[in-house]
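Chemist: Sharing a structure below in structure tokens format, with a few things to ask.
The values are calculated or read from the model by the stated rules, or taken from the named source; none is laboratory data. Quantities reported herein were computed from a predicted structural model and do not represent experimental measurements. Cβ: placed from backbone, ideal geometry, glycine included. Neighbour counts: every protein chain shown. Surface areas here come from the heavy atoms of the whole protein model, side chains and all, with no ligands, DNA or RNA. Shrake-Rupley method; radii C 1.70, N 1.55, O 1.52, S 1.80 Å.
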Amino acid sequence: MWQIGPYSLSSRVVLAPMAGVSDLPFRQLCREFGAGLAASEMLTSDSRLWDSRKGKWRIAGLLDETEPRVVQIAGSEPAMMAAAAKACVDRGAQIVDINMGCPAKKVCNKWAGSALMQDEPLALQIISAVVEAALPHGVPVTLKMRTGWCDAEKNALS
């Protein structure tokens with residue numbers, strides 16, 4: 001068994017969110033085939049964009065999700081990330097995952113995803129803000145990351 005906060009997972013196999021792939025039916029299928037955890041596709045921390053078709057679609061299926069319900073958020077502003085974490089918890093998220101692994105240019109150009117690995121102080125501010133927002137609700141925070149920004153610059157244990 002593997003434990004994240006109060007949740008015991010049946011498997012250490014975790015489905016990493018993949019844009020355009022990890023929709024609710026795919027996550028449910030992966031859980032049926034043994035994944036212990038399957039996070040939602042990345043959701044921007046800018047809640048103004050949640051009313052877009054993609055944002056609504058990602059939030060809408062949350063309550064139909066197999067528990068524990070995990071929402072992954074991405075962004076580069078600590079206060080916005082904290083507000084997004086709280087909003088996700090209010091909508092039923094039981095675990096909040098911070099994206100520090102996405103290498104997509106449109107994400108990294110906004111200093112989110114794996115670009116945060118180039119700015120460790122900012123990454124720590126974001127982590128602290130999200131944990132502080134989730135803690136009063138008993139919601140654990142996880143983090144998806146890479147071993148480094150690029151092959152030549154590894155700043156995480158592998």
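Chemist: Mind telling me which of PRO68, PRO17, PRO121 comes out most flexible in a GNM of the chain, alpha-carbon contacts under 10 Å?
Modeler: PRO121
Chemist: Return a whole-number percent for the relative contact order of the range 82-158, with Cα pairs under 8 Å and 6 or more residues apart as the contact set.
Modeler: Computed value for the range 82-158: 37 percent relative contact order.
Chemist: Can you give me the convex hull volume of the Cα atoms of the chain, divided per residue and expressed in Å³?
Modeler: Details: hull volume 17.6 nm³, N = 158.
Cα-based convex hull of the chain, divided per residue, equals 112 Å³.
Chemist: Now for a different question. Within the chain, what is the number of lysine pairs with alpha carbons under 26 Å apart, leaving out pairs fewer than eight places apart on the same chain?
Modeler: Lysine pairs satisfying the spacing and distance rule in the chain number 20.
Chemist: What is the magnitude of the charge dipole of the range 72-158 about its Cα centre, with +1 placed on the Cβ of each Lys and Arg, -1 on the Cβ of each Asp and Glu, and no other charges, expressed in debye to the nearest 20? Can you show the working numbers first?
Modeler: Details: 8 positive and 8 negative charges, 58 e Å.
Its charge dipole is roughly 280 debye.
Chemist: Within the range 19-158, what whole-number % of the accessible surface is contributed by carbon and sulfur, with the 1.4 Å probe and all protein chains included in the calculation? List each step's numbers first, then the result.
Modeler: Numbers: 4120 of 7380 Å².
Carbon and sulfur together cover 56 percent of it.
Chemist: Between the range 113-131 and the range 5-31, how many Å separate their Cα centres?
Modeler: Measuring centre to centre over Cα atoms gives 23 Å.
Chemist: Can you give me the accessible area per residue for the chain, using a 1.4 Å probe, in Å²?
Modeler: That works out to 55 Å² per residue.
Chemist: Among all helices in the chain defined by DSSP H, which have a length of 15 Å or more along the axis from Cα atoms plus a Kyte-Doolittle mean of at least -0.5? Display every interim value, and only then the final one.
Modeler: Working: long enough: 78-90 (18 Å, 0.95); 120-134 (21 Å, 1.29).
Helix filter hits for the chain: 78-90, 120-134.
Chemist: Further question on the same structure: Mind jotting down the distance between the C-alpha centroids of the range 88-103 and the range 137-158, whole Å?
Modeler: Distance between centres, Cα-based: 14 Å.
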